[in-house]
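Visitor: Okay, handing you the structure first.
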Amino acid sequence: MQHPLLERRTNVSDVIVKMQDISKSFGGIKALDHVQIELRRGEVHALMGENGAGKSTLMKIMTGVYTKDSGTMYLYNEQTKELEEIEMKSPLMAQKHGLSMVFQELNLLENMNIAENIFIGREPGINGVLNRAALNRKAKEELKKVNLDISPETMVDSLSCGQKQCVEIAKALSFQARVVVFDEPTASLSEKESQVLFDIIRDLKSKGVCIVYISHRMEEIFDISDRITVFRNGTFIDTVETKNVSEPDLIQMMIGHEIQADAGKTSDNHVKKNVVMEVKNVKVFPNSHPVHFKLYENEILGFFGLVGAGRTELARIIFGVDPVGEGEIFIQGKQVKISCPQDAIKNGIGLVPEDRKNLGLILGMSVKDNMLISKLQQIKGAFLKNSQLKQITGTYIQDLGISLRNETQEVKELSGGNQQKVVIAKWLAMTPNILIMDEPTRGIDVGAKNEIYALMRRLVNQGKSIIMISSEMAEVMKISDRIIVMHEGSIGGTLSADEITKNNIMQAAFGGNKDE
């Protein structure tokens with residue numbers, strides 16, 4: 001049966017794209033379950049939901065990046081004046097039909113200039129000979145559409161984030177775009193650059209282009225959108241007129257009705273008295289408010305935030321990957337200088353990174369060598385027998401329940417959950433007092449997740465303190481003793497165990513200000 005949303009049409013020519021009953025799974029996990037959306041000419045259509053709700057997945061299906069498992073997509077045909085069923089088989093096919101997507105991670109070739117990026121694969125010329133004058137002239141015309149007054153021969157690697165985004169938009173418009181999707185477009189933009197983007201969006205809307213706007217920033221949604229579609233856990237919830245909905249209503253739609261159902265799980269041993277680390281007046285982004293928080297002994301301190309909130313950036317500063325700049329870090333009450341990861345390690349801090357395959361492991365090396373590589377650097381100059389090294393690796397393989405043939409097996413052969421355990425083992429071998437875990441269960445199955453949770457709880461009960469960064473609200477609620485919610489590089493709220501609810505978390509994530 002057709003959803004009422006898809007029946008409420010007064011003029012079919014207003015509809016550019018209609019998607020019905022779209023489903024998509026990845027490795028047996030359902031990302032989209034019979035969802036739908038209808039996009040109209042000259043509107044800004046916001047697409048909202050928690051992280052992992054399926055927003056970007058649907059747009060990638062529409063723009064040919066992914067193929068759907070089932071469902072139907074219709075596209076308005078300007079010649080026949082009718083909606084016609086279509087299967088988008090590639091991004092190029094979608095672009096030729098006027099459907100483009102500007103990704104959060106911009107997709108430009110840094111070693112080429114602006115004009116070459118805009119018309120890559122479509123360069124003007126005769127018999128394979130490039131007509132550079134024509135290329136630059138056409139690129140300049142496209143740049144005018146986004147109000148970017150810059151030479152089309154400028155190299156992309158010299159542009160600011162905002163300028164690069166304008167080039168991406170110009171590229172989309174060069175295909176005579178009818179729909180342009182923006183996925184978290186302001187996450188890495190300054191306030192001034194964001195305002196430039198909004199002006200471009202309003203101009204495109206006035207010319208009949210449909211904008212799909214994916215964002216967690218409520219103020220932006222209410223400022224520029226006409227309608228809002230909400231997804232939750234891969235399902236369609238509703239489409240509403242922006243003028244007819246409130247912020248609390250939207251949050252309720254995004255998280256469901258059982259607002260008070262979950263509570264934080266407090267460690268039996270957690271007593272809020274011994275501060276093991278204090279971060280004072282650290283600026284995550286140049287224009288954000290300074291961050292100040294305390295980490296207590298025997299505590300799992302969860303960090304939650306929506307895309308672009310600055311959680312990983314804060315972890316990188318604490319661990320010395322990025323400079324502290326303004327602000328101070330105290331360990332056990334003593335101010336410390338952390339200029340590099342070695343300084344962090346000397347002060348008892350470890351970091352399990354978000355990207356374990358590229359930053360946490362050397363995939364072509366054995367499990368044993370991955371576990372010991374940092375330990376050996378830590379004790380350089382000392383001599384350890386093979387039996388001692390084997391005892392170290394054996395202890396963690398057993399304690400963490402790592403499933404493998406033997407310790408000489410290459411780590412790339414292990415499952416995701418076991419790879420994550422090897423990363424954790426590498427840091428535990430260095431005996432840190434503070435362990436920062438950035439997305440510790442990303443990409444691993446439910447069973448392995450629960451094993452990681454149990455391990456984290458054991459560690460804090462043994463005297464460690466953990467900072468856990470997670471994009472999954474259920475996860476951060478399940479395991480944290482307290483939760484710090486970040487918003488645009490600042491702390492939107494600090495929630496004690498009895499204050500941890502979905503509603504409080506989402507309010508803080510959208511810019512609430514609850515003092516610690």
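The values are calculated or read from the model by the stated rules, or taken from the named source; none is laboratory data. Worth saying up front: this structure is predicted, and the values here are computed from it rather than measured. All Cβ positions, glycine included, derive from the backbone under ideal geometry; neighbour counts span all protein chains shown. Surface areas here come from the heavy atoms of the whole protein model, side chains and all, with no ligands, DNA or RNA. Shrake-Rupley method; radii C 1.70, N 1.55, O 1.52, S 1.80 Å.
Visitor: Being in contact with a helix residue (DSSP H, G or I) (Cβ under 9 Å, 6 or more places away or on another chain) and under 16 Å from ILE491 (Cα atoms) is the filter; apply it to region 317-335 and report the residue that is surrounded by the fewest Cβ atoms within 10 Å (Cβ to Cβ).
Guide: GLY327
Visitor: If you check MET73, MET93, which single one turns out to be open to solvent by less than 10 Å² (accessible area, probe 1.4 Å) and over 22 Å from the mean Cα position of the chain (by Cα)?
Guide: Being open to solvent by less than 10 Å² (accessible area, probe 1.4 Å) and over 22 Å from the mean Cα position of the chain (by Cα) holds for just one of MET73, MET93, which is MET73.
Visitor: Tell me yes or no: at least one residue of region 148-158 is farther than 16 Å from ALA94 by Cα, under 24 Å from the mean Cα position of the chain (by Cα) and open to solvent by 10 Å² or more (accessible area, probe 1.4 Å).
Guide: yes
Visitor: Determine whether GLN163 is part of a helix (DSSP H, G or I) and modelled with pLDDT under 90.
Guide: Yes: the conditions hold for GLN163.
Visitor: Report, by residue number, each residue of region 59-80 that is in contact (Cβ under 8 Å) with a residue 12 or more places away in the chain and not in a loop (DSSP other than H, G, I, E, B).
Guide: Within region 59-80, MET59, LYS60, ILE61, MET62, SER70, GLY71, THR72, MET73, TYR74, LEU75, TYR76 meet the criteria.
Visitor: So, restricting to helices (runs of 4 or more DSSP H) that lie completely within region 172-257, which ones have at least 1 residues that are among the hydroxyl-bearing types (Ser, Thr, Tyr)?
Guide: Once the helices (runs of 4 or more DSSP H) in region 172-257 are filtered for at least 1 residues that are among the hydroxyl-bearing types (Ser, Thr, Tyr), what remains is 191-206.
Visitor: On to the next question. Right, MET477: at pLDDT 90 or above, over 24 Å from ASN274 (Cβ atoms) and either surrounded by fewer than 23 Cβ atoms within 10 Å (Cβ to Cβ) or of a type in the set (Val, Ile, Thr) (or both) or not?
Guide: So MET477 passes the test.
Visitor: Whether any residue in region 227-235 is on the phi > 0 side of the Ramachandran plot and crowded, with 20+ Cβ neighbours inside 10 Å is what I want to check.
Guide: From region 227-235, those on the phi > 0 side of the Ramachandran plot are 233-234; that's our starting set.
Now narrow it down to the ones that are crowded, with 20+ Cβ neighbours inside 10 Å: 234.
Taking every residue of region 227-235 in turn, at least one turns out to be on the phi > 0 side of the Ramachandran plot and crowded, with 20+ Cβ neighbours inside 10 Å.
Visitor: Then there is this: Any chance you could count how many residues in region 293-316 are in a helix (DSSP H, G or I) and open to solvent by less than 10 Å² (accessible area, probe 1.4 Å)?
Guide: Residues meeting the conditions: 2.
Visitor: Okay, moving on. Those residues that are in contact (Cβ under 8 Å) with a residue 12 or more places away in the chain and assigned to a helix (DSSP H, G or I), I need them from region 320-350; list them, please.
Guide: Matches in region 320-350: PRO341, GLN342, ASP343, ALA344, ILE345.
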